[in-house]
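**Student:** Attaching a single structure in structure tokens format; questions to follow.
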Amino acid sequence: MRKLFGTDGVRGTANTHPMTAEMALRIGAAVGRYFRRDASGVHRVVIGKDTRLSGYMLENALTAGLTSTGMNVLLLGPVPTPAVGLMTRSMRADLGVMISASHNPAIDNGIKFFGPDGFKLSDKAEIEIERLIEEGVSPAQAQNIGRARRVDDARFRYGERIKSSLPRDVRLDGLKVVIDCANGAAHRTAPEVLWELGAEVIPVGVAPNGKNINLNCGSTQPQLAAETVVAHGAHVGICLDGDADRVVVIDETGKVADGDQLMALLASAWAKSGQLKGGALVATVMSNLGLERHLHSQGLQLERTAVGDRYVVERMREGGFNLGGEQSGHIVMSDYATTGDGLMAGLHFLAEMVLSSRTASDLAQQFETVPQLLKNVRYAADQAPLEAQNVKAAIADAEARLNGQGRLLIRKSGTEPLIRVMAECEDDALLSQVVDGIVAEVEAAAG
């Protein structure tokens, strides 16, 4: 079992274990030793980050740990997470590192890793790296210490790559687009790319100061962008999160469409054009039942995985699928990228608007959602509320009541000490009863 790694790398409050400079140095040394298994040849790692103040501290500490094992470090600066996956492969690096806590507030930070193929690490690799962190590693000999240098054009390379994922004849001329960059990693890249493709760009969330990432903006708080769309008479809004691997779309009326709706649109369009591989979309257990029904009505399948975009990608690679993602807005298009890419998914939504000559509101609501209710219960690190008998009994009772009418999902968050209680059911009253009943018992067990 992994102790340090969660759903998406290592994450926590900055300057608190495990997000301390000391721990980052140890993590850097351990992952450097894991990927530098032989003493011959040149070994390199690329490091990107978002706009959090603590990114400077963690970047320096990771660099020290990595170079101490003989790794040469290439510093990309603030770039979206998918850019790290791209640059790891294109620069023939042994490892890619992204310093980000994604959609979390500025006081948090995290470290995500990509292997030499540009894909996130497996559970097996993370377990072995944790072992090296605990045991410690021997540093390289003095003459073998690695070097560090900055790469100045990483965001330009990334921007060119995502533009190339669109058909060459697609231009965004005449489209007025609000782009919300969450004061994060895409605050320069996203507006530039949209402008280069011909859109009239109205940017928000593009003034990072180290402390305002995801603050009242971005994909998890799209109200500002929605208001901006309506106020400016924009055709559409694109909301990214802090590291730009998530996206939600806002139609011209200010209504928000989540990742499930975007995946439904892309799956349908790709199936019609013959681009969809395997006749299926890969999504997690959190995706709405309405998405599954919508796909089935078109002769398509929904492959479900555990929560986390890397599990989606693993299933896509295993089954030969090329489209997947999460309700939260991670959209993975493996023909073009190795991980969720919010800006790329947003561009493909805009391309569908152009190619179909339809409005955002026409495209963004592909299916009627089954009512879904999600509540989170916080617990202390030393507690295990799901093991309590009263909680188990409440879950069993809820499953029996929902049998044939909906579904229930109970899970621990991979990034925070939270129990997530989610249910779907056409009967709103029953939905509230089962979720509230379980939440009450979990709260009681958590004391």
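The values are calculated or read from the model by the stated rules, or taken from the named source; none is laboratory data. Since we're looking at a predicted model, the values are computed, not measured. Counting neighbours? That spans all protein chains shown, and the Cβs are built from the backbone with ideal geometry, glycine included. Calculation scope for accessible area: heavy atoms of the full protein, side chains included, ligands and nucleic acids excluded. Shrake-Rupley method; radii C 1.70, N 1.55, O 1.52, S 1.80 Å.
**Student:** Has region 253-261 got any residue that is β-branched (Val, Ile, Thr), more than 19 Å from Phe349 (Cα to Cα), open to solvent by 10 Å² or more (accessible area, probe 1.4 Å) and within 22 Å of the chain's Cα centre (by Cα)?
**Tutor:** No, that holds for no residue.
**Student:** Sticking with this one: Taking the criterion of being part of a loop (DSSP other than H, G, I, E, B) and hydroxyl-bearing (Ser, Thr, Tyr), would at least one residue in region 73-94 satisfy it?
**Tutor:** No, every residue in region 73-94 fails to be part of a loop (DSSP other than H, G, I, E, B) and hydroxyl-bearing (Ser, Thr, Tyr).
**Student:** Kindly indicate whether Ala234 is open to solvent by less than 20 Å² (accessible area, probe 1.4 Å), in a loop (DSSP other than H, G, I, E, B) and at pLDDT 95 or above.
**Tutor:** Against the criterion (open to solvent by less than 20 Å² (accessible area, probe 1.4 Å), in a loop (DSSP other than H, G, I, E, B) and at pLDDT 95 or above), Ala234 qualifies.
**Student:** Within region 91-131, can you find the residues that are buried (at least 19 other Cβ atoms within 10 Å of the Cβ) and aliphatic (A, V, I, L, M)?
**Tutor:** Ala93, Leu95, Val97, Met98, Ile99, Ala101, Ala106, Ile111, Leu121, Ile129
**Student:** Okay, next question. When the residues of region 30-71 are filtered to those that are outside any helix (DSSP H, G or I) and open to solvent by 60 Å² or more (accessible area, probe 1.4 Å), which remaining residue is nearest to Ile107 (Cα to Cα)?
**Tutor:** Applying the filter and picking the extreme gives Leu53.
**Student:** A further question follows. With respect to Arg89, is the statement that it is in contact with an Asp or Glu (Cβ under 9 Å, 6 or more places away or on another chain) and either at pLDDT below 95 or not hydrophobic (A, V, I, L, M, F, W, C) (or both) true?
**Tutor:** The answer is yes for Arg89.
**Student:** Give region 132-167 a look and list any residue that's within 28 Å of Arg2 (Cβ to Cβ) and outside any loop (DSSP other than H, G, I, E, B), or say none.
**Tutor:** Leu132, Ile133, Glu134, Glu135
**Student:** Right, something else. Look at region 168-192 and say how many of its residues are in a strand (DSSP E or B) and surrounded by fewer than 24 Cβ atoms within 10 Å (Cβ to Cβ).
**Tutor:** 1
**Student:** Could you list all residues from region 371-427 that are in a strand (DSSP E or B), touching a helix residue (DSSP H, G or I) at 6+ places or on another chain (Cβ under 7 Å), touching a residue at least 40 places away in the same chain (Cβ under 8 Å) and within 22 Å of Gly6 (Cβ to Cβ)?
**Tutor:** Answer for region 371-427, where residues must be in a strand (DSSP E or B), touching a helix residue (DSSP H, G or I) at 6+ places or on another chain (Cβ under 7 Å), touching a residue at least 40 places away in the same chain (Cβ under 8 Å) and within 22 Å of Gly6 (Cβ to Cβ): Lys375, Val377, Ile419, Val421.
**Student:** Okay, next question. Restricting to region 336-358, give me the number of residues that are open to solvent by 60 Å² or more (accessible area, probe 1.4 Å) and in a loop (DSSP other than H, G, I, E, B).
**Tutor:** The total comes to 2.
**Student:** Test Met19 against the stated conditions and say whether it is part of a loop (DSSP other than H, G, I, E, B), in contact with a helix residue (DSSP H, G or I) (Cβ under 9 Å, 6 or more places away or on another chain), in contact (Cβ under 8 Å) with a residue 24 or more places away in the chain and of a type in the set (A, V, I, L, M).
**Tutor:** yes
**Student:** When you scan region 207-231, how many residues do you find that are farther than 14 Å from Asp251 by Cβ and either among the charged types (D, E, K, R) or open to solvent by less than 60 Å² (accessible area, probe 1.4 Å) (or both)?
**Tutor:** 9
**Student:** So is Gly118 in a loop (DSSP other than H, G, I, E, B) and within 24 Å of the chain's Cα centre (by Cα) or not?
**Tutor:** Against the criterion (in a loop (DSSP other than H, G, I, E, B) and within 24 Å of the chain's Cα centre (by Cα)), Gly118 qualifies.
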